[in-house]
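Chemist: Sending over a structure as C-alpha cells; questions will come in a sec.
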Amino acid sequence: MKDSFKHQGMRNKLAETVAAKGIADKGVLDAIRKIPRHLFMDSSFEDHAYQDKAFPIAAGQTISQPYTVAFQTELLEVKKGDKILEIGTGSGYQTAMLIEKGALVYSIERQKELFKRTNLFLPKLGYKPKKMIFGDGYKGLPEEAPFDGIIVTAGAPFVPKPLLAQLKIGGKLVIPVGDDVQVMTLFTRTSGKSFERKEFGDFRFVPLLEDKN
C-alpha cells in the first residue's frame, strides 16, 4: 500500500473532524494530517482508516479512535525532547503521534505478535522509538525512569503504583481507569508523595493485560 494525495485529503478531513470535537493542540492535528493511518491497518480495511473510529487489529486488540489518541496526547502536553513511556504499543499509531510531537518514546507491549510486528513496522515509516519492550506494562520501566509523561492505551481496572512512582515531579500520567467503561484520568505529580487527579469523561478501551507469571 502506498500513501497518495487521496489519503492526504482524507487525513486533512479527519484532522478537521477531530478539531471540531475540541482538539486544539496544533502539533496533534499536524500529526493526524501527516501519519498514514491506513498503513497501520490491514489493506482490506483501508476505507475505514480515516473514519474517526476504533478498528480491530491483530491479537484481539484495536487501533484506537483518532479522537481518543488525540485527546490522550493533548492531555499529556508533550514538549519536544520529553521522555515518554507508552504502555501498550498496539499498532504503533499512538507511538507515531508521540514521535511526531518530538517525544523520546519508550513503549511496552504485552502481546508478542503485536510487539514483533510493530517493532519492524514503525522504523520502515521513519518512526524510531528510543526503546520498544516486550513486557508487563503494570510494572512500567523503572530502569529508564523518571519520565516526563506516561500514557496508557488500554483500560486499567486500577492505577498501577509503579507508574505513578516513575513520574518526574511535574510529570503527567494519562490513564483510562475502569472495567467495562473507563474514565480518562490525568495524574500530575506535584511532589515526591502527592499527585493531582483530574477526570475527563468516559471512554472504552481493550483491557490492560497483566503478566501473571
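Each value in this text was obtained by applying a stated rule to the coordinates, not by laboratory testing. Just so it is clear, the model here is predicted, and its values are computed rather than measured. Positions of Cβ are backbone-derived with ideal geometry, glycine not excepted, and every protein chain shown enters the neighbour counts.
Chemist: Hey, if you put +1 on the Cβ of every Lys and Arg and -1 on every Asp and Glu Cβ in the range 5-203, which of ALA103, GLN72, GLN166 ends up farthest toward the positive end of that dipole?
Modeler: Of the listed residues, the answer is ALA103.
Chemist: If I take the Cα coordinates of the range 1-116 and project them onto the principal axes, what are the three extents in Å, biggest first?
Modeler: 34, 33, 23
Chemist: Let me ask something else. Can you pull out the chymotrypsin sites (Phe, Trp or Tyr not before Pro) in the range 83-168 whose DSSP state is coil and whose Cβ has at most 11 other Cβ atoms within 10 Å? Present the calculation step by step, with values, prior to reporting the outcome.
Modeler: Details: sites: TYR93, TYR106, PHE115, PHE121, TYR127, PHE134, TYR138, PHE147, PHE158; in loops: TYR127, PHE158.
Answer in residue order: PHE158.
Chemist: With charges only on Cβ, +1 for K and R and -1 for D and E, what is the dipole size of the range 56-163 about its Cα centre, in debye, rounded to 20?
Modeler: Dipole magnitude for the range 56-163 comes out near 300 debye.
Chemist: Which lysines, if any, have their Cα less than 17 Å from the Cα of LYS116, not counting same-chain residues under 8 positions apart?
Modeler: Once the sequence-local lysines are set aside, what remains near LYS116 is LYS124, LYS128, LYS130, LYS131.
Chemist: Quick one: of the DSSP bridges fully inside the range 87-213, what percent are antiparallel, nearest 5? If you can, show how the numbers build up before the last one.
Modeler: Details: 13 of 25 bridges.
About 50 percent, rounded to the nearest 5.
Chemist: Once amide H atoms are built 1.01 Å from N in the peptide plane, which residues 5 or more positions from LEU167, or in another chain, come under 5 Å H to H?
Modeler: PHE147
Chemist: So what is the diffusion coefficient of the range 5-203 in µm² per second by Stokes-Einstein at 4 °C and 1.567 mPa s, using a Kirkwood Rh over Cα pairs?
Modeler: Details: Rh = 16.8 Å.
In µm²/s, the coefficient rounds to 77.
Chemist: Based on DSSP, what percent of beta bridges with both residues in the range 1-133 are antiparallel, to the nearest 5?
Modeler: Working: 2 of 10 bridges.
Within the range 1-133, antiparallel bridges account for around 20 percent of the total.
Chemist: Using the count of nearby Cβ atoms within 10 Å as a rough guide to exposure, how do VAL159, VAL28 rank from fewest to most? Numbers along the way, then the final one.
Modeler: Details: VAL159 16, VAL28 25.
The fewest-first ordering by Cβ neighbours comes to VAL159, VAL28.
Chemist: Still on this model: Need the C-alpha centroid separation for the range 67-135 versus the range 169-190, integer Å.
Modeler: 17
Chemist: What's the longest piece of the chain with no exposed GluC sites (Glu not before Pro), counting a site as exposed if DSSP puts it in a loop and it has at most 16 other beta carbons within 10 Å? Working shown, then result.
Modeler: Details: sites that count: GLU77, GLU210.
It works out to 78-209.
Chemist: By the scheme Lys and Arg +1, Asp and Glu -1, what is the net charge of all other residues having a beta-carbon under 11 Å from that of GLY178? Each step should come with its number before you reach the end.
Modeler: Details: positive: ARG204; negative: ASP179, ASP180, GLU199, ASP202.
Once positives and negatives cancel, what remains is -3.
Chemist: Let me ask another. For the chain, set up a Gaussian network in which alpha carbons nearer than 10 Å are linked by springs, and say which option among GLY22, GLY60, GLY92 fluctuates the most.
Modeler: GLY60
Chemist: Output the relative contact order of the chain, whole-number percent, from Cα pairs under 8 angstrom with separation of 6+ residues. Before the final figure, lay out the partial values.
Modeler: Numbers: 426 pairs, mean separation 31.4, N = 213.
Contact order relative to length: 15 percent.
Chemist: Something else now. Taking 8 Å as the Cα distance limit and 6 or more residues as the minimum spacing, I'd like the relative contact order of the range 95-186 as a percentage.
Modeler: Values: 134 pairs, mean separation 20.5, N = 92.
In percent, rounded to a whole number, it is 22.
Chemist: Check cross-link reach from LYS13 to the lysines: straight Cα distance under 21 Å, and skip same-chain residues fewer than eight apart.
Modeler: LYS2, LYS21, LYS26, LYS34, LYS53, LYS101
Chemist: Counting other Cβ atoms within 10 Å, which trypsin sites (Lys or Arg not before Pro) in the range 107-192 have at most 16 and lie in a DSSP loop? Present the calculation step by step, with values, prior to reporting the outcome.
Modeler: Numbers: sites: ARG110, LYS112, LYS116, ARG117, LYS124, LYS130, LYS131, LYS139, LYS168, LYS172, ARG189; in loops: ARG110, LYS130.
Within the range 107-192, the qualifying trypsin sites (Lys or Arg not before Pro) (loop, at most 16 other Cβ atoms within 10 Å) are LYS130.
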